[in-house]
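Visitor: Dumping the structure here so I can ask a few things about it.
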Amino acid sequence: METSALFAALDLTPDLISGGTLAVHSPVDGAEIARVTETAAADMPAVIARSQAAFRAWRQVPAPRRGELVRLLGEELRAAKDALGALVTLEAGKIASEGLGEVQEMIDICDFAVGLSRQLYGLTIASERPGHRMMETWHPMGPCAVITAFNFPVAVWSWNTALALVCGDPVIWKPSEKTPLTALATMNIFARALARFGDAPEGLAQLVIGGPGVGEALVTSRDVAIVSATGSTRMGRAVGPKVAERFGRSILELGGNNAMIVAPSADLDMAVRAIVFSAVGTAGQRCTSLRRLIAHNSIRAELVERLTKAYGTLPIGDPRHATTLVGPLIDHGARDRMLAALEQARAEGGTVHGGRTVTEGVPQGGAYVSPALAEMPGQTAVVREETFAPILYVMGYETLDEAIALQNDVPQGLSSCIFTLNLREAETFLSAVGSDCGIANVNIGPSGAEIGGAFGGEKETGGGRESGSDAWKAYMRRATNTVNYSAALPLAQGVKFDI
Ligand code: UN1
């Protein structure tokens, strides 16, 4: 689709995409594709006040009715899937099928949240006192700020927003400054759902575009009950303490440094496919991307040989072409950081395969690279850092204990996996003495998680959980209720206090 037709299909009218101060460049060729208007930091109090007003109305709407809005959003996303997927490709550089996959993730979470809107269950608890009943009720919490990164420019908003809306919380979205267009397009799609829904309060889902001033207002305001932030650990270090200082609630999904252990019994054909997809997919720019390969010494050389061969044939180029598997990095800064990390890997004793700038057979102006494999003598400093690029560090191991120790010995704790056909190894990896990550898989790579599970991780990954399972509880406040239907007033713990 031509860019102008794409913009038209997503209602990206000239007033939205021109005349502003924020230039948007496509990573495909570096060309400027829009100039969008930024939200002034001075406007933030009004934005937050609108969200509070929306909250007062929305919390009274029955949850299944709130779910109806999310159902309509899912329908509108289905209708707009091709166009929004193509815009993700244009603005974030993801290959076509990953752009579409991202929108599919939005649709999936809408379906999940619609069902959830009738399942915001609380417990009934046995009271120790006669004639008493205890229960838990879950109530809307308040405005939820959603701060998202460039690499999943729209899906992360949807994981948060679909849940927040059914839970009764309005949303204020601050997307990455690198990807405001997909955010504007998503808001237009949401507007279609709102129009069909009819009577939602104004300001239920708002978009703010801008830099630190705008983010700061969301993070520090006592009127923003929840701050859900996805991005680097550095960003989380800035956001987390500020939210904590005002006793706000944060949901942090930060850096990952995800590993795969490949055991001697592994199905190597499957492992190779999983490794290539998870290390190279999205040009290594997922927070779940595979960054560390911990291979048993008996199969390590064979694995590296097979991977080097597979890496050698990867189609690198224009992400809009159906055959491309590796698109551009988000920008030249990301490319420079990748090359610097590889330089450091060499200095730390690594042998690097690939990892070069690619200029032939690719659109000029984009930051194209060949994915890198770096054979490392151990888990050196560079291996312990998250570099948002397709670099896979390879290390060897002798015993499973050693492999698990290596897997856990990094500051981050998002995703992990083991390839083995040995039941003892698989179960040990998943057990209390196994992987310390929020996601631990067997015979499947660390990336591409389904929305049905809770998504997030431990340690420097921030501890937040989004998406499926009972992640919805983070978007609501829990009240413990005790009801006395007897004619007496017994005190708990047998305390006597007769007056
Ligand atoms: C991210 O990179 O921020 O598991 C999220 C995955 C995707 C989400 C990644 N479902 O790879």
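No lab work stands behind these numbers, since they all come straight from the coordinates. Owing to the predicted nature of the structure, the values given are computational and were not obtained by experimental measurement. Note that each Cβ is placed from the backbone with ideal geometry, even for glycine, and that neighbours are counted across all protein chains shown.
Visitor: Set Lys and Arg Cβ to +1 and Asp and Glu Cβ to -1, take the dipole of the chain about its Cα centre, and tell me which of ASN481, THR288, LEU268 lies farthest positive.
Guide: ASN481
Visitor: Computed FRET efficiency, Cβ-Cβ of ARG56 and GLN364, R0 51 Å: what is it to the nearest 0.05? Before the final figure, lay out each step's value.
Guide: Numbers: r = 53 Å, r/R0 = 1.04.
The pair ARG56/GLN364 has a calculated efficiency of 0.45.
Visitor: D for the chain, whole µm²/s, Stokes-Einstein with Kirkwood Rh over alpha-carbon pairs at 4 °C and 1.567 mPa s: what number?
Guide: Diffusion coefficient, whole number: 54 µm²/s.
Visitor: Same structure, new question: What's the local net charge at THR137, with K and R +1, D and E -1, over the other residues with C-beta under 14 Å away?
Guide: +4
Visitor: Sticking with this structure for a sec: Mind jotting down the three principal axis lengths of segment 23-151 based on Cα atoms? Whole angstrom, largest first.
Guide: 72, 39, 24
Visitor: Distance between Cα centroids, segment 1-51 to segment 250-288: provide it in whole Å.
Guide: Value for the Cα centre distance between the two parts: 33 Å.
Visitor: What aspartates and glutamates does LYS459 reach when the alpha-carbon gap must be under 13 Å and sequence neighbours fewer than 8 apart in one chain are set aside?
Guide: Hits, sequence-local ones excluded: GLU253, ASP409, ASP436.
Visitor: Quick check on packing: order 15-21, 325-331, 230-236, 62-68 by the mean number of other C-beta atoms within 10 Å, highest mean leading. Before the final figure, lay out each step's value.
Guide: On the way: 15-21: 13.9, 325-331: 24.4, 230-236: 19.9, 62-68: 17.7.
My ranking of the peptides, most packed first, is 325-331, 230-236, 62-68, 15-21.
Visitor: When ranked by the protection proxy of mean other Cβ atoms within 10 Å per residue, highest first, what sequence do the peptides 45-52, 142-149 form?
Guide: Ranking, from highest mean packing down: 142-149, 45-52.
Visitor: For segment 265-359, how big is the tail of P(r) above 17 Å, as a whole percent of Cα pairs?
Guide: The proportion of pairs with Cα distances above 17 Å equals 56 percent.
Visitor: Determine the percent antiparallel among the DSSP beta bridges restricted to segment 370-499, to the nearest 5.
Guide: DSSP beta bridges in segment 370-499 are roughly 35 percent antiparallel.
Visitor: Show me 193-200, 95-102 ranked by packing, highest mean number of other Cβ atoms within 10 Å first. Spell out each step's value before the answer.
Guide: Numbers: 193-200: 15.4, 95-102: 21.5.
Ranked from most to least packed, the peptides come out as 95-102, 193-200.
Visitor: Roughly how many Å is it from the Cα centre of segment 345-384 to that of segment 136-193, as a whole number?
Guide: 34 Å
Visitor: Still on this structure, I have one more. Suppose the chain between LYS242 and ARG65 were pulled fully straight at 0.36 nm per residue; how much longer would it get relative to their current alpha carbon spacing?
Guide: Details: separation 177, 0.36 × 177 = 63.72 nm, distance 3.43 nm.
Between LYS242 and ARG65, full extension yields 60.3 nm more.
Visitor: Let me ask you something else. Which residues does the label zone of ASP111 cover in segment 438-482, counting backbone N under 17 Å from a point 7 Å along Cα→Cβ?
Guide: Residues passing the 17 Å test: 449-454, 467-469.
Visitor: Counting helices only, and only those DSSP H runs with n ≥ 4, report the 222 nm mean residue ellipticity of the chain as the sum of -39,500 (n - 2.57) divided by its residues, in deg cm²/dmol to the nearest 500.
Guide: Details: 14 runs with 192 residues, N = 499.
So the helix-based figure for the chain works out to -12500 deg cm²/dmol.
Visitor: Hey, got the Cα dimensions of segment 254-413 along the principal axes, in Å, largest first?
Guide: That works out to 47, 30, 28 Å along the principal axes.
Visitor: Hey, which of these cross-link pairs are over 25 Å Cα-Cα: LYS94/LYS309; LYS94/LYS242; LYS174/LYS242? It would help to have the intermediate numbers written out before the result.
Guide: Details: LYS94/LYS309 23 Å; LYS94/LYS242 33 Å; LYS174/LYS242 17 Å.
Listed pairs above 25 Å: LYS94/LYS242.
Visitor: Starting from the Cα of LEU268, step 7 Å toward the Cβ, then list every residue of segment 283-298 with an amide N under 11 Å from that point.
Guide: Of the residues in segment 283-298, 298 have backbone N under 11 Å from the label point off LEU268.
Visitor: Among bridges DSSP assigns within the chain, what percent are antiparallel (round to 5)?
Guide: Close to 40 percent.
Visitor: Enumerate by residue number the GluC sites (Glu not before Pro) in segment 269-364 meeting two conditions: DSSP loop (anything except H, G, I, E, B), and at most 10 other Cβ atoms within 10 Å of the site's Cβ.
Guide: On the way: sites: GLU302, GLU305, GLU343, GLU348, GLU360; in loops: GLU348, GLU360.
Those that pass, being in a loop and sparsely packed, are GLU360.
Visitor: PRE reach from ASP470 (point 7 Å along Cα→Cβ): which of segment 90-133 fall under 12 Å by backbone N?
Guide: Residues 121-124 qualify, since their backbone N sits under 12 Å from the label point.
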